[in-house]
Amino acid sequence: MNSNGKLVPREPLERAGTLAPAETTGGTPFVHPGWDAERRQIHLLDYLVILRKHMWLSLAFLLAVVTVVTIATFKMQPVYVAVARVAVDREDPNLLPFQNSMYYEMYWDVENYIETQAKILQSETLALQTIESLQLYKHPEFAGDEAAAPAVTVPTTTGEPQPRPPILGAFLARLEIKRVPNSRLLEVQFESTDPQLAARVVNTHLHNYVEHNFRARYESTTKASDWLAAQLDELKIRVEKAEDARLAYERENRIWTIDEKQNITTQKLADLNTELTQAQADRMRKEASYRLAREGNVDGLPEVRESQVLQELVARRTELLVQYREAEAQFGPNYPKVQRLKVQLDELDSTIAREKKNIVDRIESEYRAARQRELLLSQALEQQKAEANALAEKLVQYNILKREAEANKELYDGLLQKLKEAGISAGLRSSNIRIVDPALVPPAPARPQKARNVLLALLVGLVGGVGLAFLREYLDNTVKTPDDIEHLARLPSLAVVPAFSLVNGRARGVRMLKSAEQEPSRASVALVSHERPQSQISEAFRALRTSLLLSQAEHPPQVILVTSALPREGKTTAAVNLAVTFAHLGDRTVLVDGDLRKPGIGKLLSLSDGSRHAGLSTYLAGVSSLDLVTIPHPVIPNLAAIPSGPIPPNPADLLSSKRLQDAVNQLREQFRFIIIDSPPVMAATDAIVLSVIADGVLLVVRSGQTSKAAFLRARDQLRAVRSPLLGVVLNAVDTSSPDYYYSYRYYPYYQYYGSEGPESRPSADR
């Protein structure tokens, strides 16, 4: 409002989808209490709401699954399963020829062996034997036509190949072999609609398996026996030839007592070697004494030091020497006694010298004798070596012939022993396969398990129904709740308008706030705010009015443009009811039909057909004046309308003319509120053109129909031209939906400052 007390248009300022701040317009902007808050966390109640929303879809899926499974279960023919257990023990290595028990124990692979036996139980050859034994091709369950059934024979490796009987696949499909964990047991199962047949097939199959195992062992033993017999005949000839060759060599080389002769030669060689070693040691010892004597060091010889004669002569000479020196000292050198002692000393010295010479001569003689003995022993040893080598050369070939003869003989004896063992093994009916539990007639069918199938169907149906509900909710890309608006587009949700259902073009009724007895059977949705002021729809539009008036208490928006993203979202109805609620306040309100493409204001207000008489298009074309096209409502006071007039060929050009701005300025002076209905934003550019001259833009979104992409696209187009977006009106909301049951059931009452009736008149001045 300016200084003259007139309303002036508010500056189209907007930031991040919010209203202009208070400093810009001088008022206090209205902010929805929760639209700008952080998005709340997902709660378990949200999932329960989704399940309740799609409850009938989930229940229908659950019922369909349970019904189909139940019908199929009760129509299925009972199938009986006979079970038998067989133990697969380790093979006895002593019963098979050429089997080393120690090697067999170390390298016997239990897992692979049991797995091999399981595959044998499932082999086609064994299956054909069982089929032939029981003549299953005559049984109705497998074919039933005895005349048409082909002859089933067990295939062999010889002869012409046979075609695969069709019954074989059916038999193997019913046969199942399982390994019992942590054991050597195999579980054989066969299923059939006849319990007697199931047990009989399992027992017959196991009997054939045991016979097959015995027959395989018998055939292998028989083949081994035949091979051993052939080898023995050949080996016998080889033994005879080897023995003849050994004897001929003995006669040729005269080797009869080879062991005794070889021992004598070896012993003699060893003795000569020992004696030669001793002779060499003796010769070296005597050579050392001999060389010491030749060097003149006779007194250092061991023989001299150890000689008793020399020791006595030396002792006697020492005594005489003492006597001689005493006598010489007493009597002098010429004394006869001294002379006699001197002569005795000289004789003893000569005797000692001769004795030493004799010892040296003896040492030399012994040295020469030892040397000669060493030479003779060395010659004898060389001769003995030559003789031993000659004997060894003869024994090499002899030992070769002897070992070959002995080896052939041992091999012959071993093969003969194995042949006898093979004959014994072939006669024994021993097997490592043992039937632990033969198959008994099953007392009850294994399937169908009716209770289990129904419970599984119930579980699958329940899980599938829940998943289908969440999938449908995930695929639903429409705007449904105020939370979607506030957190998707960051715009306030100004009002939530309940749905007004139509069936075959007739109004079913309006959900009223009153009791069911007071609810009318028919009502006009366009003027519901006037005709049914206590209805929930009327309350929603009054809440919208209050939100607009309190958005800026000093300067509420005067020119309000109502548009939508797509057609058929209820923008025209929203514009009419918003204008009616403003008129109820006593403020002069004009409703302008700015939709020059598909007008609807005239019909909704029960005025003359605006598309045939003068209206906004005739005024913009310069044909009519503004007063002429402004029509007061005949019933609702303070409400006037400007219909669209004839539909022009170029609506966007007319709306872009200066005459529209002049008309709006003129209407500002005459009316307190100006409500303009425009085409959808996504359908034409008319709404973008009209949004520039408006003080605020209301975007109408149809709940459950407007896609989020279209809604955001419309918002972005309005923001691109800096349109003053006031907020969003969520239209056609199904208040009975679980989305609104908990938080939005009484949305119009508590979301925007409570309820207000027609008598409540919050004005812009309050």
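Using a cut-off of 22 Å between Cα atoms, the listed pairs K53/K708; K75/K178; K480/K603; K223/K402; K241/K402 include K75/K178; K480/K603; K223/K402 as exceeding that distance. Here L591, L57 are placed in order of increasing Cβ neighbour count within 10 Å, fewest first, which gives L57, L591.
With a simple spin-label model that places each label point 7 Å from the Cα along the Cα-to-Cβ direction, the separation between A170 and K603 comes to 7.0 nm. Taking amide H positions as modeled 1.01 Å from N, with prolines and chain starts lacking one, the residues under 5 Å from G704 and 5 or more places away or on another chain are V479, K480.
Computed from the C-beta positions of E669 and T193 and an R0 of 60 Å, the FRET efficiency is 0.05 to the nearest 0.05. Taking 0.36 nm per residue of separation and subtracting the current Cα-Cα distance, fully stretching the chain between F470 and H43 would add 152.2 nm.
Net length available on complete extension from T351 to S656 is 92.7 nm, with 0.36 nm assigned per residue and the Cα-Cα distance removed.
With the simple spin-label model, which puts each label point 7 Å out from Cα in the Cβ direction, the Q449 to L269 separation comes to 8.7 nm. In this structure the amide hydrogen of I435, modeled in the peptide plane, comes within under 5 Å of the amide hydrogens of A87, none closer than 5 places in sequence on its chain.
Residue by residue, segment 702-710 carries 3J(HN,Hα) couplings of 8, 5, x, 10, 6, 6, 5, 5, 5 Hz when phi is fed to the Karplus relation 6.51 cos²θ - 1.76 cosθ + 1.60 (θ = phi - 60°); x denotes Gly or Pro. When a/c reaches 1.5 or more, the comparison of a/b and b/c decides; with that in mind, is segment 523-584 rounded, prolate or oblate per its Cα gyration tensor? Since a/c reaches 1.5 but b/c is at least a/b, the shape of segment 523-584 is classed as oblate. Maximal additional length on extending the T67-A216 stretch stands at 48.3 nm, based on 0.36 nm per residue less the C-alpha distance. Can you give the FRET efficiency to the nearest 0.05 for A60 and A720, using r as the Cβ-Cβ distance and R₀ = 56 Å? In this case the efficiency is close to 0.80. Residues whose amide H falls under 5 Å from that of V83, counting only those 5 or more places apart or on a different chain, are L440, with hydrogens built in the peptide plane.
The modelled label-to-label distance for the pair Y113/Q705, using points 7 Å beyond Cα in the direction of Cβ, is 8.0 nm. What the phi angles of segment 195-212 give under the Karplus curve with 6.51, -1.76 and 1.60, with θ = phi - 60°, is a coupling list of x, 5, 5, 4, 5, 5, 5, 5, 5, 5, 5, 5, 4, 5, 5, 5, 5, 5 Hz, glycine and proline written as x. Rounded to the nearest Hz, the phi-derived 3J(HN,Hα) couplings of segment 311-317 under the Karplus curve 6.51 cos²θ - 1.76 cosθ + 1.60 (θ = phi - 60°) are 5, 5, 5, 5, 5, 5, 5, where x marks glycine and proline.
Any read-out appearing in this document is the output of simple, stated calculations on the displayed coordinates, not a laboratory observation. These figures come from a predicted structure and were not determined experimentally. FYI the Cβ positions are ideal-geometry reconstructions off the backbone, even for glycines, and counts take in every protein chain you see.
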